[in-house]
Every structure is written in structure tokens, then in C-alpha cells.
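The values are calculated or read from the model by the stated rules, or taken from the named source; none is laboratory data. None of the values given here were measured: they were computed from a predicted structure. Cβ: placed from backbone, ideal geometry, glycine included. Neighbour counts: every protein chain shown.
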Amino acid sequence: MSEPRGGRGTLAQVRDRVRARVVGRERELDLVLAAVAAGRDILLEGPPGTSKSTLLRAITAEWGIPLVFVEGNADLTPARLVGHHNPARVLREDYSADNFVDGPLVEAMRNGGFLYIEEFNRAPEDSLNTLLTAMAERRIAVPRAGEVVARDTFRVIASMNPYDNIGTTRLSTSVHDRLCRLAITYQDAQAERGIVALRAPLTDLKPAVYERLVADAVALTRATRSHEDIRQGSSVRGAIDMTLVAGQLLNLHPERTGPAVPDETLYRDVVYDSMVVALSGRIFLDETVEATPEQVLRQIWEDHFILGPAAAAPG
Ligand SMILES: Nc1ncnc2c1ncn2[C@@H]1O[C@H](COP(=O)(O)OP(=O)(O)OP(=O)(O)O)[C@@H](O)[C@H]1O
Ligand SMILES: [Mg+2]
């Protein structure tokens, strides 16, 4: 992709500016940028909340091109993807290019944007075929509206969740053969603490209390990803929400030591309550497990606050 919208520096300069908008992810950023700059379309495969949208927003903003979102589900028919004629105007004027309402694919092609299809594997087969044609030919014929030719910065970015029950095997090998692919996993704890600090700043708390809260929120959220009863744990979104909710819960107890420096019991209770609110809907238990999400979270909380320190203590 050579300098969309009249030159914004070399690829390395674009990369450096995008880095300022994203915590970590240097390697993924380089790989995605290299693929799109090479003129390729790419599939990002990773669980929810692993910075796929964040990366794409930062790249397209830096390049000054649109990012067009569309969700891949059974409703995404080829007509919805491509667009439709305005029925009222068709009655008055008959079909024309003029009364065609662009769908996301045509919008992205005309404006040279990225078409970002989330849950790509859930889109119906005929919509995938429409997309593959647009990707291969860089143009599509729209009945009664004429031919749409893509600007040269048009790209298709697909994403899917490897934990999705519908599975990655549904896509035919011919679809996979037409896309580059990058697997994205969770970031490390330090990067996740950086993300939470960026998205959930709490200026009322003493810095040491805040730092501890962020560290606990990230550790507890990460623990949901490795717990034996949990099929899919929470992304960093859970840690962000937990931190925000905990901050508000502390505000609700000003009578106990003041919200800025809570006592230990209050602190732990608040962490548990914010866990229930922020994480219970974000964890998916194994089908064979009888426990409730709250019970599993309680166990994770106990392991963290009660067993954890004891196990780590010397002697
Ligand atoms: N590397 C990062 N830098 C800054 N913020 C991040 C980063 N990763 C995630 N976030 C934040 O975490 C949240 C989830 O990230 P994002 O929306 O990019 O995930 P996603 O991979 O697109 O998820 P989904 O698959 O559910 O759409 C957002 O609030 C985002 O701001
Ligand atoms: Mg997203």
C-alpha cells in the first residue's frame, strides 16, 4: 500500500506512530502492517479482547483511511454485504446506480478502506464467495448499479475466535488459501497492567492502592484463562471493568477508612464483588462442570488471596 491519502511517511514512520497508540504488540503490528502494505488481505485469529480492533483502528487512523466494521453471522447475506436499492426510490425512479445504498463491502471498496469482518467463519457461504471475488478481482459487478472498482488501499481483514464452537474447520481450504493469517494470543501480565492503567485510570485512589488493584485485577482475570473448569476465560476487558467497578465500590464505603486507602478486609471484599460483576458473564465453564461461575470465581479469589501468599511464604 503506497502512501494512502497523499503520503504519510515511510512504513517505518507509520509503524512508529501506531506504536504510540497501542500497548506492546510490536511484532503483531509489524506483521499486520507488512501484510497490508504488501497488498494482501489477512485473517487475524485470536480470542476476544486481544487488541485486534485496537490495532486496526490505529493503523487506519494513521493512514487516514476508513475502517468499516461488519459482523459475520447468518444475517450477513451477500445483499447486506454489497448493498441494496432504496425500495421507495426504486418505485418512483426505477433502479439506478443513484438509488443504490452501499453495503459495507462496497463502501470499503469505494473509499479505499479496510473491511473488517469479525467472526468471519460464521458468515454464510455465498457471502464468503462474494468477498473472495472482491478480494481477488478488486472489483465487483453490482446488478443495476454498475461495476464498483476498489481503490488501491482497500483490504479485507477477517477475524475469528479459535475457541468458537462453530469452529475454524468450517471454512474451506480454498478460503484459507486466499488469506494471510496471524494468530494472536493474550499479552503478558505487564502489558495487561499497562492496558488497564490506560483504560481505567482511578485518580481518587492512593497510587500504591491503585497499583495493587490493577495487579490483582490482571492476575485474577488471567487466572480464569488457566482454570481447569473454564473453557474460555476473560480477556483484559474483564480486568478493565473489574478495576473500574472496584473503584466505584470503594467510593460506596467512605465510612470505612476512606476510599483512598481501604482496610484489608474491605479491599478483598471489594475485589471479590467486582470480580463477580466484571467476570462472571465473561467466563464459560466446561459443560461437565456443576459449579456456578460465582463458585469458580470464589475459588480463584481464595487461591489468590488465601492460598497464594501462604504457599509462597518461606518455611
Ligand atoms: N495492546 C493494547 N493496547 C491498548 N489497549 C488495548 C490493547 N489490547 C486491548 N486493549 C483494550 O482492551 C479492549 C479490547 O481490545 P480490542 O477491542 O482491540 O479487542 P479485539 O481483539 O478486537 O476483541 P474482539 O475480538 O472481541 O472484537 C479495548 O478496550 C482496548 O482498548
Ligand atoms: Mg474487536
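Numbers below:
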| quantity | calculated |
| --- | --- |
| Residue in the stretch 98-120 that is at pLDDT below 95, part of a loop (DSSP other than H, G, I, E, B) and farther than 30 Å from Leu33 by Cα present | no |
| Members of the stretch 32-65 found to be under 18 Å from Gly9 (Cβ atoms), more than 16 Å from ligand 2 (Cβ to nearest atom) and in a helix (DSSP H, G or I), listed by number | Leu33, Ala34, Val36, Ala37, Glu62, Trp63 |
| Positions within the stretch 1-31 being aliphatic (A, V, I, L, M), within 16 Å of ligand 1 (Cβ to nearest atom), at pLDDT below 95 and not in a loop (DSSP other than H, G, I, E, B), in sequence order | Val18 |
| Residues of the stretch 183-214 satisfying the condition of being surrounded by 13 or more Cβ atoms within 10 Å (Cβ to Cβ), β-branched (Val, Ile, Thr) and within 16 Å of ligand 2 (Cβ to nearest atom) | Ile184, Ile195 |
| Within the stretch 230-309, helices (runs of 4 or more DSSP H) holding 3 or more residues that are charged (D, E, K, R) | 264-279, 293-302 |
| Residue within the stretch 69-90 that is at pLDDT 90 or above, within 15 Å of ligand 2 (Cβ to nearest atom), hydrophobic (A, V, I, L, M, F, W, C) and surrounded by 18 or more Cβ atoms within 10 Å (Cβ to Cβ) present | yes |
